[in-house]
Each structure stands twice: as structure tokens, then as C-alpha cells.
Amino acid sequence: MTELDALREACLGCTACGLSVRRNSVVFGEGNPASPLVLVGEGPGETEDLTGRPFVGKAGQLLDRALADNGLDRTMVYICNTVKCRACDWNDGRARNRPPTEAEVAACRPWLERQLRLIAPKIILCVGAPSAKNLIKKDFSITRERGRYFPCAFARAAIATLHPAYILRQQGADNDGGYSLLVRDIGRAWAAAQRLLQGPEASKDPRDAGEACQPTLPGV
Ligand code: URA
């Protein structure tokens, strides 16, 4: 058993916050732990809670498409989340997804930290603002700062992109909801990770490569 497998086993029994009470699964993460690129989302939704796998609902399907548009798939990256259990409110026996609270993010952070330290990726791609606020800086602005490289304690650099669930909400007949930005950010993160893998000659600090990105976000 690898150290990452042992961490997963331990995480499956976590009761550090209230999300453990009604969960069906702990969604630890999956993919290639030897990858130089880790994608960190917000947290599992309904489908992820039912299957125990990250990003397998509608947002996940869009993420898969954006990976494929870069010639990538799930065997080439590692995918996990800021919180490992579904955050939702219950009303009349029905669950409604909600963002995880600060306390829930803090309770889950030791798992994420250990996971990232074991994987030791070159680049972390934060998928959505909650992930960027947790791993880059508290006041991260996805509108102003997506697509740029930042220092990160768990990789050579971190970069944030739009969450595919946000993109799905924005998409209309005449706009892609920011999908092209997601594809571009994944491509840049992968290219930077590859450069860093190739050694010092190729590995110009990716933070230097970060052109300032001033995207036009639909609906913002
Ligand atoms: N959204 C996320 O942030 N993570 C998932 O695993 C699924 C949806």
C-alpha cells in the first residue's frame, strides 16, 4: 500500500466536521499521483457523493471535455477537491448543494495538505474560487486573477481557472460561458508543468510566464 493509499483509507473514516454525518462517500481524489499537474476543485456534488469519484457529474463532464481539448485525460492528471464530503443543506429530506463553510474547509485542509505533499505536483490548477482562496490567498479574485501563476506551498506554482459549474450556468446560445478560458488555463498549466519536469533549462519560473490575464467573464 502506498502512503497515498494509506492516507485515503484514513480519510474515509474522517469525522472532523458535520459533513461526515449524512455523506454517502468520502471523495478523496483520483488520477495519476505521479502527474506534475493536480486539479483541485471545490467539493463533491450529488453524483460524486454517490459514486465516491471527483468531477463525474455535469460539471465533471465539461472538465473532461476541456482536458480532451488539450489532448489530456484523467490518467494524465490527478483530480481532488478542497473538501472531501458533499456540502449541502437539508430541507424536507431533500439535499441542496451549497459552498463549504470556512470551518468545513479548515477541517478538511489537513487531508488536502497531506495529499498534495505526497503527490508533490509541479503545478496546481485551482478549479474555482473556493479552491484558489484556500490554496493561493484568502482574497483571491477569480475575475481579476484567474490565469496567472502564484506561489504555492504545495507546488512550484498555482493557477486558478473558472469552475465548470459556473461555465454551465453562464453558457448561452451566443457565448461559451468562459469554456475557452477553462481550456486555455488547463493548457497553460499543463505546459508549465511539462516545462518544469524537463529541468532547469526549460523550467523558467512559471510565475514569470504569467501574462496578466484580464478576461471578460460572461455574467460578471
Ligand atoms: N464540483 C467540484 O468542485 N468538485 C467535484 O468533484 C464535482 C463538482
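None of the figures in this text is laboratory data; all of them are computed from the coordinates on show. None of the values given here were measured: they were computed from a predicted structure. Methodologically, a virtual Cβ is constructed for each residue, glycine included, from the backbone with ideal geometry; neighbour enumeration extends over all protein chains shown.
As a test, work out the antiparallel percent of DSSP beta bridges whose residues both lie in the chain, rounded to the nearest 5. Could you put the intermediate results ahead of the total?
Values: 10 of 23 bridges.
In the chain, DSSP labels about 45 percent of beta bridges as antiparallel.
May I ask you to sort K84, K137 by Cβ crowding, counting other Cβ atoms within 10 Å and putting the fewest first?
Numbers: K84 30, K137 14.
Exposure proxy ranking, most exposed first: K137, K84.
Among the aspartates and glutamates, select those whose C-alpha is under 19 Å from the C-alpha of K138, and discard any that sit fewer than 8 residues away in the same chain.
K138 reaches E42, E102, E104, E113.
With n ≥ 4 as the cut-off for DSSP H runs, can you work out [θ] at 222 nm for the chain, using -39500 (n - 2.57) per run divided by the number of residues, rounded to the nearest 500? If you can, show how the numbers build up before the last one.
Working: 10 runs with 90 residues, N = 220.
Rounded to the nearest 500, it is -11500 deg cm²/dmol.
So, counting K/R as plus one and D/E as minus one, what does the shell of residues with Cβ under 10 Å around A95 add up to?
Numbers: positive: R22, R86, R94, R96, R98; negative: E46, D49, D89.
Around A95, the charge tally is +2.
Kirkwood hydrodynamic radius of the chain from all distinct Cα pairs, in Å?
Details: mean 1/r = 0.0570 Å⁻¹.
Here the Kirkwood hydrodynamic radius works out to 17.5 Å.
In sequence order, what are the phi-derived ³J(HN,Hα) couplings for segment 125-131 according to the Karplus relation 6.51 cos²θ - 1.76 cosθ + 1.60 with θ = phi - 60°, rounded to whole Hz, with x for glycine and proline?
Each residue's phi maps through the Karplus curve to give 9, 7, 9, x, 5, x, 5 Hz.
Among residues other than L4 whose Cβ falls under 12 Å from its Cβ, what is the net charge (Lys/Arg +1, Asp/Glu -1)? Don't jump to the answer; show the numbers that get you there.
Numbers: positive: R8, R114, R117; negative: E3, D5, E9, E30.
Overall, the nearby charge balance is -1.
Would you mind calculating the relative contact order of the chain from Cα pairs under 8 angstrom and at least 6 residues apart, reporting the percent as a whole number?
On the way: 408 pairs, mean separation 44.9, N = 220.
Relative contact order here is 20 percent.
Enter the Cα centre distance for the pair segment 49-125 and segment 127-189, rounded to the nearest angstrom.
What the calculation gives is 14 Å, centre to centre.
Over all distinct alpha-carbon pairs, what is the Kirkwood Rh of segment 1-62 in angstrom?
Working: mean 1/r = 0.0783 Å⁻¹.
Averaging 1/r across every pair of different Cα atoms and inverting gives 12.8 Å.
If we count other beta carbons within 10 Å of each Cβ, what is the order of E46, E104, E3, fewest first? Provide the component values of the computation, followed by the final result.
Details: E46 14, E104 20, E3 11.
Fewest-to-most Cβ neighbours within 10 Å comes out as E3, E46, E104.
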